[in-house]
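Heads up, the thing below is written out as structure tokens.
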Amino acid sequence: MPKLPPRFNFTEVEAKWCKYWEDNHTFHATPKPDKKPYTIVIPPPNVTGILHMGHGLNNTLQDIMARYKRMNGFETCWMVGTDHAGIATQNVVEKQLAKEGKTRYDIGRDEMLNRLWAWKEDYGGTIINQLKKLGSSCDWDRLRFTMDDGYSQAVKHVFVELYKKNLIYRGKYIINWCPRCQTALSDEEAEHKDTQGNLYHIKYPFKDIPNHFVTVATTRPETMLGDTAVAVNPADKRYQDLIGKILVLPIIGREIKIIADELVDPAFGSGAVKVTPAHDPNDFTMGTRHNLEFINIMHPDAKLNKEAGKFEGLDRFDGRKAVIDTLKNLELIEKIEPHIHAVGHCYRCNTVVEPYLSKQWFVNMKPLAKPALKAVVDGTIKFYPDRWTKVYINWMEGIRDWCISRQIWWGHRIPVWYCGTCEDHPIVSETIPTECPHCHSKDLKQDEDVLDTWFSSWLWPFATFGWPGNTFNEIASSQKAVSRNDDLKYFYPTNSLFTASEIIFFWVSRMVMAGYEFMGEAPFKDVYIHGTVRDAKGRKMSKSLGNALDPLEIIAEYGADALRFSLIMNSGQDLFISKEKFEGGRNFANKIWNASRLILINTKPENRKISAPPQTNDLASQWIISKFYTTLTEVNTAIEGYRFSEAENLIYDFFWKNYCDWFLEISKNKFSDDKVQQTAFFILKESLRMIHPFMPFVTEELWENLTENDIPLSLDSWPKTKSEFLNVAAIDQMDTLINLVSVIRNIRSQWHIKPQEEIECYFAAVDSYSKTLLKDNSETLTSFLKLKNFQLHDKLPTHKDAASGVVSSTGGQPIKFTIPLGELVDLAKEKAKMQHEIMLKEKSAAGISQRLKNESFVSKAPADVIEKEQARLIVLIQETKELQEVLKNLQ
RNA sequence: GGACUCAUAGCUCAGCUGGUUAGAGCGCUGCCCUCACAUGGCAGAGGUCGUAGGUUCAAGUCCUACUGAGUCCACCA
């Protein structure tokens, strides 16, 4: 018999099973015709990532589902890998370079890429190892990276396909520009934050009317240097006569026209707006419409260029001050008002982004959005919780084109070449072209830019399984069956996706679009959106705030099982986490451990070879078996409905309260009984299965010590629900016993009763109990017990638990005790139920009769309604009488 | 400006389709080192379910308004 120490040594155990699972490829999945697949793809963490609580939660959720499905006989593949995270990774390496006093331009593109790959080799696996420590049951043999050769091929292929379908185009538009990262960003990558700024009202003088001005309002006065018009609403009476008049742009002296455009809101500011077509999306639209000049006043680093005249070389914010000062001196500032407005910030470096005119590649999203929208509207794809459905739909309906080119080096280089002689025809190709197809020139240059990281992530559910691979030449257009390799055939579409709400637009929605476009079907069926992990004060956890709890520290101090357990316990919505919360998980793991020790010490090996619940007359045994199966059913429902915290609560309650506190305590004095041993062991074993997805390490270790099974618990089966073991009578009787014992304990505790005084205590308790239960029938229970010749123990055994004392008083035959109680309580329950019913009926009747007396009701209500109410009243009164009659006869 | 979420014990939250006495964990109080576990056991105190209306025989649960907290979206310069 193995001996277990009194403490669960998680450090050792976790290391042992991490290694075991990995060495044995426990979680490697391959297509198996006789099994159903279950697939989850991990939201690939950034290579730059280090495990934070959000990862902890996200991956625990996935792992619970994966282990649950695996144990339920599904060939479960949890696809794993990392994302190259273009801007983030490049930023990290650029910081390293900066320490050497260099920039990426100093070392050149090739050397920079070498450094990036070297960094990836050195540190890119960090988060993967951390995921392993969490106990994640990923298919580690399939580990992918978004810049793998095969994956890169998929990205190129997608670009070329979309280009062929006219869904990718290149053009000069206003995009979000990060002056620090010096790259374009998509709309989603610009985070709008309310910022305190000013609204500057500037007077623009007329060319021909001295001392007359038009006032315009702006939050970014420096952009006035690039103004090429002033616009008013065509319906605005104040300005109708002025349309077409010429103004002189202050400082610069450019002559600009007053134009009329619907875009202008007459109610805002003065109703006249300066138009800077190269620095504002609205103005860009107007500029195009009115054929205005597009004057770019900034360098890519947001320093003002020569168009800014004397301000050339100033940073945009210094430029702003300088422009205002100059205008003040010219007495052209009418007023400056404080103004809160949403300003875009780079999601990678938090720099204020600049709306900037530049030539970029875009994806035409509307055609892609169509099937993706339909799938969610018609329920093919479901969100859990449901409210995210609306968020997704809103975004899809208002979808805008996606800027996918980035002016950085780390990523998939855009597969487009430009010919030195005939520039107008970009060569879009999956392979490196040798000559220009138009003029046969060999002077070809590849586009300098790389693709948005998300342009590779959106292919994750199928590119990871080898797409396009051998399906390369057989891609069908959307909505048609697609030829697939074995893995794709088997594992795609995937089943569930687990992610955070911030990622819905970046990733979830785009994966759906890509799924339909390239695979002809949705990439997953369910999307589970979990909450954000916050600190105890409700702030997002972040390094800069210094409030981040490091999951690895928690694992070291409390164990991975504890981390997982406590995260899930709090995962109903957003989580507020502090260190103490993990004690609960640690304590539960320890409880499981010690319950197992008790069983191991007290059961004979032959009683541990049991695969079905034993047939037994023992009430507590019948009860715990019953309880286990009802709990199991509820747990199944909760997990299938993605209600993990509920599932965990059910399990916790069952194991701790029912199994340990009641069943084991009662059974302690009866452990010589083989049947009791068998029950205790069987329920423990089944509980370990049920706990395993939540706490894989402690359960795996105990499984090894308790069973002679060769396969790890990870690959064993989930308990089967068995309705035949649902024993309602046992549950009822045990409830009664629990109630009785609680009352006894209550009195014992309040009166500070000593063991020698037990007899009186017991009778007092019984009386008290009967009062509680039978109200005005306080004699019933006592006399009933006497009638049945029931003898109470004269002394409480010197045992800590009153429950064992009471039960053992019948000499190991609790059934003697509980049958009379059960009968009695059935009666009492029946009565209580009836009394309640009578009360409800009386109340209803009172309500209705009051209504019928209400004059306005009688006069206004239609006749048939009144009749109905009267009929109901009569029925209610009749029923009440009948019930009261029955109740009388019972007593 | 639109949309959404939340408001229940000192704290963090359950309470799914309205129906017996509103639950748990932590914290708090009292009693227990008892041979699985003090990371434990037993008992207890603590709630007019944000405010005001409404629907209903019946509302923490449904509706409306308000207040407070938070999140997302949006081209009002």
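The values are calculated or read from the model by the stated rules, or taken from the named source; none is laboratory data. Everything numeric in this text was worked out from a predicted model, so none of it was measured. For neighbour counting, all protein chains shown are included, and Cβ atoms are generated from backbone atoms with ideal geometry for every residue, glycine included. For accessibility, only protein heavy atoms count, side chains too; no ligands or nucleic acids. Shrake-Rupley method; radii C 1.70, N 1.55, O 1.52, S 1.80 Å.
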Of (1) without any contact (Cβ under 8 Å) to a residue 24 or more places away in the chain; (2) assigned to a helix (DSSP H, G or I), A:Val391 satisfies every one except (1)
Does the range A:134-144 contain any residue that is within 22 Å of the chain's Cα centre (by Cα), in a helix (DSSP H, G or I) and not basic (Lys, Arg)?
-> yes
Test A:Phe311 against the criterion of being open to solvent by less than 40 Å² (accessible area, probe 1.4 Å) and away from RNA strand B (no atom under 12 Å from the Cβ), and give yes or no.
-> yes
Restricting the range A:428-462 to residues that are β-branched (Val, Ile, Thr) and crowded, with 19+ Cβ neighbours inside 10 Å, the one modelled with the lowest pLDDT turns out to be A:Val428
Those residues of the range A:245-275 which are within 15 Å of RNA strand B (Cβ to nearest atom), among the hydrophobic types (A, V, I, L, M, F, W, C) and open to solvent by 50 Å² or more (accessible area, probe 1.4 Å) amount to A:Leu263, A:Ala267, A:Phe268
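Can you name the strands (runs of 3 or more DSSP E) wholly within the range A:502-600 that have at least 2 residues being under 23 Å from A:Pro693 (Cα atoms) and in contact (Cβ under 8 Å) with a residue 40 or more places away in the chain?
On the way: elements: A:526-530, A:533-535, A:575-577.
In the range A:502-600, A:526-530, A:575-577 are the strands (runs of 3 or more DSSP E) which contain 2 or more residues that are under 23 Å from A:Pro693 (Cα atoms) and in contact (Cβ under 8 Å) with a residue 40 or more places away in the chain.
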From the residues in the range A:396-419 that are open to solvent by 40 Å² or more (accessible area, probe 1.4 Å) and not basic (Lys, Arg), which one is nearest to A:Trp361 (Cα to Cα)?
-> A:Asp401
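The rows are residues; the columns are (1) loosely packed, with under 15 Cβ neighbours inside 10 Å; (2) under 25 Å from A:Ser405 (Cα atoms); (3) among the hydrophobic types (A, V, I, L, M, F, W, C).
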| residue | (1), (2), (3) |
| --- | --- |
| A:Ile333 | no, no, yes |
| A:Ile340 | yes, no, yes |
| A:Cys346 | no, yes, yes |
| A:Pro355 | no, yes, no |
| A:Val363 | no, yes, yes |
Over the range A:500-528, the set of residues open to solvent by less than 10 Å² (accessible area, probe 1.4 Å) and either modelled with pLDDT under 90 or within 16 Å of RNA strand B (Cβ to nearest atom) (or both) is A:Ile504, A:Trp507, A:Val508, A:Ser509, A:Arg510, A:Val527
State which residue is surrounded by the most Cβ atoms within 10 Å (Cβ to Cβ) when the search covers only the range A:276-297 and only residues that are away from RNA strand B (no atom under 14 Å from the Cβ) and hydrophobic (A, V, I, L, M, F, W, C).
-> A:Ile297
Output the number of the condition that A:Ala184 fails; it satisfies all remaining conditions of (1) aliphatic (A, V, I, L, M); (2) away from RNA strand B (no atom under 14 Å from the Cβ); (3) modelled with pLDDT under 90; (4) open to solvent by less than 20 Å² (accessible area, probe 1.4 Å).
-> (3)
Return the total of residues in the range A:343-373 being in contact with a helix residue (DSSP H, G or I) (Cβ under 9 Å, 6 or more places away or on another chain) and basic (Lys, Arg).
-> 2
Taking the condition open to solvent by 10 Å² or more (accessible area, probe 1.4 Å) and within 47 Å of the chain's Cα centre (by Cα), does A:Leu225 pass?
-> no
Mind checking whether some residue in the range A:706-723 is closer than 28 Å to A:Thr11 by Cα, part of a helix (DSSP H, G or I) and open to solvent by 30 Å² or more (accessible area, probe 1.4 Å)?
-> yes
Do we have A:Thr195 as more than 30 Å from A:Ile87 (Cβ to Cβ) and either among the hydrophobic types (A, V, I, L, M, F, W, C) or not in a loop (DSSP other than H, G, I, E, B) (or both) here?
-> no
Tally of residues being of a type in the set (Asp, Glu) and modelled with pLDDT of 85 or more across the range A:189-207 | 2
List the number of the failed condition for A:Ile432; all other conditions in (1) without any contact (Cβ under 8 Å) to a residue 60 or more places away in the chain; (2) within 16 Å of RNA strand B (Cβ to nearest atom); (3) over 23 Å from the mean Cα position of the chain (by Cα) hold.
-> (2)
Just one of A:Leu684, A:Leu715 is modelled with pLDDT of 80 or more, away from RNA strand B (no atom under 12 Å from the Cβ) and in contact with a helix residue (DSSP H, G or I) (Cβ under 8 Å, 6 or more places away or on another chain); which is it?
-> A:Leu715
The range A:635-664, residues that are away from RNA strand B (no atom under 11 Å from the Cβ) and open to solvent by 50 Å² or more (accessible area, probe 1.4 Å) = A:Glu640
Selection count, the range A:403-459, where residues are out of contact with any Asp or Glu (no Cβ under 9 Å at 6 or more places or on another chain), polar (S, T, N, Q) and in a loop (DSSP other than H, G, I, E, B) | 3
Here are some residues: A:Ser667, A:Ser672. Which one is modelled with pLDDT under 90, more than 8 Å from RNA strand B (Cβ to nearest atom), open to solvent by 20 Å² or more (accessible area, probe 1.4 Å) and out of contact with any Gly (no Cβ under 8 Å at 6 or more places or on another chain)?
-> A:Ser672
From the residues in the range A:368-395 that are more than 16 Å from RNA strand B (Cβ to nearest atom) and open to solvent by 60 Å² or more (accessible area, probe 1.4 Å), which one is farthest from the chain's Cα centre (by Cα)?
-> A:Lys370
What number of residues in the range A:91-111 are touching a residue at least 12 places away in the same chain (Cβ under 8 Å) and open to solvent by 40 Å² or more (accessible area, probe 1.4 Å)?
-> 2
Got at least one residue in the range A:170-179 being within 23 Å of A:Ala260 (Cβ to Cβ), open to solvent by less than 30 Å² (accessible area, probe 1.4 Å) and more than 13 Å from RNA strand B (Cβ to nearest atom)?
-> no
Residue ID - surrounded by the most Cβ atoms within 10 Å (Cβ to Cβ), chosen from residues in the range A:575-627 that are within 9 Å of RNA strand B (Cβ to nearest atom) and polar (S, T, N, Q) | A:Ser596
Scan of the range A:212-244 for residues that are among the β-branched types (Val, Ile, Thr), within 12 Å of RNA strand B (Cβ to nearest atom) and more than 20 Å from A:Glu331 (Cβ to Cβ), ordered by number = A:Thr219, A:Thr223, A:Val232
How many residues does the range A:1-26 hold that are in contact (Cβ under 8 Å) with a residue 12 or more places away in the chain and open to solvent by less than 70 Å² (accessible area, probe 1.4 Å)?
-> 10
Residue pairs qualifying under the 8 Å Cβ cut-off, at least six apart or on distinct chains, with the first in the range A:323-350 being more than 20 Å from A:Gly226 (Cβ to Cβ) and the second being of a type in the set (Val, Ile, Thr) and within 13 Å of RNA strand B (Cβ to nearest atom), are A:Glu334/A:Ile202; A:Glu334/A:Thr215; A:His339/A:Thr219; A:Ile340/A:Thr195; A:Ala342/A:Thr195; A:His345/A:Val353; A:Cys346/A:Val353
